[in-house]
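Every number here is computed from the coordinates shown, using simple stated rules; none is lab data. All values reported here derive from a predicted model rather than from experimental measurement. All Cβ positions, glycine included, derive from the backbone under ideal geometry; neighbour counts span all protein chains shown.
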Amino acid sequence: MTLNKHIVLIGMSGAGKSTLARALADTFNLNCYDTDQLIESAYELDINNIWKNYGEFEFRVMERKVLFNVLNCNPGVVATGGGLPFFFDHMHQLKQCSTVYLKADYHLLLSRIAELDKPLFKNDIHKEDAIKYILNTRQFFYNQAELKLDAGQKTEQLVNILGRIFLLEG
């Protein structure tokens, strides 16, 4: 199958964007781009070390460079970092693509983030408050996506929905 523009997955850390992107790409033989993985490859550091050694602003600059590289690649499925749509003019840039907000409720995020090693929550003893705050501050940008899907659904269900919308009907 081929796409005429990227399918970009946005949403909070822990929503399942990377998992869904890989599954969708594998199912429909599409290119798959994960901005966090591409940053790690390009800079030969994991995200936590980038944050630790360079800080959030430098990470966001790296993220921006990777985003523009991906947007100039052949269309595929793009998993973004949770904060990517919130910074610079990224959401405006993403509107050139088919954007999908993988919407996860607070309880789902809390259970998933507890299992992840994410820099935003690394030293936060009040993860619950941090998740609520970050979700509330990013919600405006996430809600600009052309499609919103419940992240609590099984990956296979989400793949079927996206495949039907963007590949079979679109």
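Residue-wise, which Karplus ³J(HN,Hα) couplings in Hz belong to region 41-58, taking 6.51 cos²θ - 1.76 cosθ + 1.60, θ = phi - 60°, and x for glycine or proline?
Residue by residue, region 41-58 yields 5, 5, 9, 6, 9, 7, 4, 4, 6, 4, 4, 5, 8, 10, x, 5, 4, 5 Hz.
Please list, in order along region 4-18, the HN-Hα scalar couplings obtained from phi with the Karplus expression 6.51 cos²θ - 1.76 cosθ + 1.60 (θ = phi - 60°), rounded to whole Hz, x for Gly and Pro.
Values per residue, Gly and Pro as x: 9, 8, 5, 9, 10, 9, 10, x, 5, 4, x, 6, x, 4, 5 Hz.
Could I have the simple spin-label model distance between Y133 and E146, label points 7 Å from Cα toward Cβ, reported in nm to one decimal?
Modelled inter-label distance: 3.5 nm.
Number of Lys-Lys pairs in the chain under 17 Å by Cα, sequence gap 8 or more or different chains?
Pairs that pass both the separation and distance tests number 14.
Multiplying the sequence separation of N4 and I165 by 0.36 nm and subtracting their Cα-Cα distance, what value in nm do you get?
56.6 nm
With the contact rule set at Cα under 8 Å and sequence spacing of 6 or more, what percent relative contact order holds for the chain?
37
Kirkwood hydrodynamic radius for the chain: how many Å is it when counted over pairs of different Cα atoms?
Value: 16.2 Å, from the Cα pair sum.
Among S13, S18, S41, which comes first, second and so on when ranked by fewest other beta-carbon atoms within 10 Å?
Listing S13, S18, S41 from fewest to most nearby Cβ atoms yields S41, S18, S13.
Is there a quick way to get the dipole size of region 7-168? I mean about its Cα centre, with the Cβ of Lys and Arg at +1 and of Asp and Glu at -1; what is the value in debye to the nearest 20?
360
Would you work out which of M62, N143, I39 lies farthest towards the positive end of the dipole of the chain, given +1 charges on the beta-carbon of Lys and Arg and -1 on that of Asp and Glu, about the Cα centre?
Value: N143.
Mind checking which of L30, P75, C97 is farthest towards the positive end of the chain's charge dipole, using Cβ charges of +1 (Lys, Arg) and -1 (Asp, Glu) about the Cα centre?
Positive-end residue among those listed: C97.
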